[in-house]
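*Asks:* To start, I am sharing the structure in question, which I have written as structure tokens.
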Amino acid sequence: MARSLFLGLYLAWSARGARAFAERKLRERLADGKEDAARLDERRGIATTPRPEGPLIWFHAASVGESLAVLELIRRALDEREDLTVLVTTGTVTSAAVMAERLPDRAIHQFAPLDAKPFVAAFLDHWKPDVAIWTESELWPTLVVETHARGVPMLLLNARMSKASHDKWRFARGMIRSLLGRFQAALVQDNLTMVYLRRLGMPVDRMKVMGTLKEGSAALPCNEDDRAAMAANLAGRPVWLAASTHDGEEKMVLQAHRMAMRSSPRLLLILVPRHPERAEEIAALLQSDGWRFTRRSADQEPADEAQVYLADTMGEMGLWYRLSPISFVGGSLVAIGGHNPFEPAALGSAILHGPYVTNFVDIYDRLRDGGAARLVSSPEKLAGQVAELLNPDEAATMAAAAWQVISDGADVTDRALALVIDTLEEAETP
């Protein structure tokens, strides 16, 4: 496998100088609360659990979204092979917490090693994966090269590349071509990603456009007792949801809510920030604007007089999507790129979104074409759509259309599973 000069220099640094740099980064991240002190050795490639006997498939996912996208595939693979163990690596504390709750039996979570050769080597020497699977597009050079050097079959699943990532890699075209050439197959989310990967050197005959694994994901879970209690509390009150909002969006959402309340004074907004650590900032905004609100993190219910319910907890999106017939999916009124629309689609919610959906552009196009999602570009337009969808028939029609769109794409997981199991069986063949 040919290497670029830039990749050669990087690998030389990774082998000789990266360890001290990585240790400094670990100390900084630990001080910032971005690492788990009890599991810091995992970032050095030192496992905190033994490797089980038998075949092991390793999934590397950057953070929460990527790891959740492969959960259903992991469950299906474990059902297919009773002798199989799955290892999932991620790089964030939040993703580790989510995986602890959601991974099935015979699946293990570890933090990914930092990209210093001693750490990567320790990780691979311990786990000895039979197949290695990268999700989306987080490619750390040493991890990729060292895995390939051990003869481990490598797949790129659910591949997605933004224009920004493509433009960044263009300045290291030889490096990325060398890395991509080590994958024996790639299942990509959309045609645009395929174009970008081809430009960067991924062989066309190794790629297939498959859609996103999020289409085949199981519906987000929720606590049924919590759902029943919350539904009884709302008692038929009109509700809409602003999900995964970012800085700058809350103000626009609240403007829309104030306008929508003119035609429906009892309307409740459930506001779920993408990052719950911003809750105090959002609560201060609500208070300064004179809103009557209650907070989930304080174990408060959405009282009758509350106009906004600040759902500032982690891991409860399944509850909020089930309760709300109308969902605005955030990260789309500001230039974030949007978030996963299949989550509300799978749970019977009409979908609204802003213009910034580059992370899921093909998916939103399909949802809009199918009558399942509507684009709003301003607080005024968001308010107008919320008011219109308070008509139960309108919202139900959109929800049914959304279900049809995701049902049409449910074979994505089937195709990914077939590739994974075939690759494992080929690796096991003498």
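*Asks:* Exactly one of (1) over 14 Å from Met207 (Cα atoms); (2) open to solvent by 10 Å² or more (accessible area, probe 1.4 Å) is unmet by Ala185. Its number?
*Replies:* (1)
*Asks:* Quick check on Ala22: is it part of a helix (DSSP H, G or I), at pLDDT 90 or above and more than 30 Å from Gly337 (Cβ to Cβ)?
*Replies:* no
*Asks:* Could you identify the single residue in Ala298, Ala283, Ala303 that is closer than 26 Å to Tyr356 by Cβ and aliphatic (A, V, I, L, M)?
*Replies:* Matching residue, one of Ala298, Ala283, Ala303: Ala283.
*Asks:* All but one of (1) open to solvent by less than 80 Å² (accessible area, probe 1.4 Å); (2) at pLDDT 95 or above; (3) in contact with an Asp or Glu (Cβ under 7 Å, 6 or more places away or on another chain) hold for Ala242, so report the exception by its number.
*Replies:* So Ala242 meets the others, but not (3).
*Asks:* Right, Glu53: without any contact (Cβ under 8 Å) to a residue 12 or more places away in the chain, surrounded by fewer than 19 Cβ atoms within 10 Å (Cβ to Cβ) and over 25 Å from Thr193 (Cβ atoms) or not?
*Replies:* Values: without any contact (Cβ under 8 Å) to a residue 12 or more places away in the chain: yes; surrounded by fewer than 19 Cβ atoms within 10 Å (Cβ to Cβ): yes; over 25 Å from Thr193 (Cβ atoms): yes.
Yes.
*Asks:* Say whether the condition of being open to solvent by 10 Å² or more (accessible area, probe 1.4 Å) and farther than 30 Å from Leu267 by Cβ is met by at least one residue in segment 347-361.
*Replies:* Yes, segment 347-361 contains at least one residue that is open to solvent by 10 Å² or more (accessible area, probe 1.4 Å) and farther than 30 Å from Leu267 by Cβ.
*Asks:* If you scan segment 188-218, which residues turn out to be over 15 Å from Ser137 (Cα atoms), among the acidic types (Asp, Glu) and open to solvent by less than 20 Å² (accessible area, probe 1.4 Å)?
*Replies:* Answer for segment 188-218, where residues must be over 15 Å from Ser137 (Cα atoms), among the acidic types (Asp, Glu) and open to solvent by less than 20 Å² (accessible area, probe 1.4 Å): just Glu215.
*Asks:* How do the helices (runs of 4 or more DSSP H) wholly within segment 63-128 filter down when requiring 2 or more residues that are modelled with pLDDT of 95 or more and under 24 Å from Trp13 (Cα atoms): which remain?
*Replies:* Working: elements: 64-69, 71-80, 93-102, 117-127.
The qualifying helices (runs of 4 or more DSSP H) are 117-127.
*Asks:* Pick from segment 129-138 the residues that are surrounded by 21 or more Cβ atoms within 10 Å (Cβ to Cβ) and of a type outside the set (S, T, N, Q): which of them is modelled with the lowest pLDDT?
*Replies:* Ranking the qualifying residues of segment 129-138, first place goes to Glu136.
*Asks:* Which ones in segment 77-106 are in contact with a strand residue (DSSP E or B) (Cβ under 7 Å, 6 or more places away or on another chain), open to solvent by 20 Å² or more (accessible area, probe 1.4 Å) and aliphatic (A, V, I, L, M)?
*Replies:* Answer for segment 77-106, where residues must be in contact with a strand residue (DSSP E or B) (Cβ under 7 Å, 6 or more places away or on another chain), open to solvent by 20 Å² or more (accessible area, probe 1.4 Å) and aliphatic (A, V, I, L, M): Ala100, Leu103.
*Asks:* Can you confirm whether Asp167 is open to solvent by 30 Å² or more (accessible area, probe 1.4 Å), closer than 26 Å to Gln307 by Cα and without any contact (Cβ under 8 Å) to a residue 60 or more places away in the chain?
*Replies:* The answer is no for Asp167.
*Asks:* Consider Gly8 carefully, then state whether it is within 30 Å of Arg415 (Cβ to Cβ) and part of a helix (DSSP H, G or I).
*Replies:* no
The values are calculated or read from the model by the stated rules, or taken from the named source; none is laboratory data. Computed from a predicted model, the values in this text were never measured in an experiment. Because the Cβ atoms are built from the backbone with ideal geometry, glycine has one as well, and the counts that use them run over all protein chains shown. Just the protein is used for accessible areas: all its heavy atoms, side chains included, with ligands, DNA and RNA removed. Shrake-Rupley method; radii C 1.70, N 1.55, O 1.52, S 1.80 Å.
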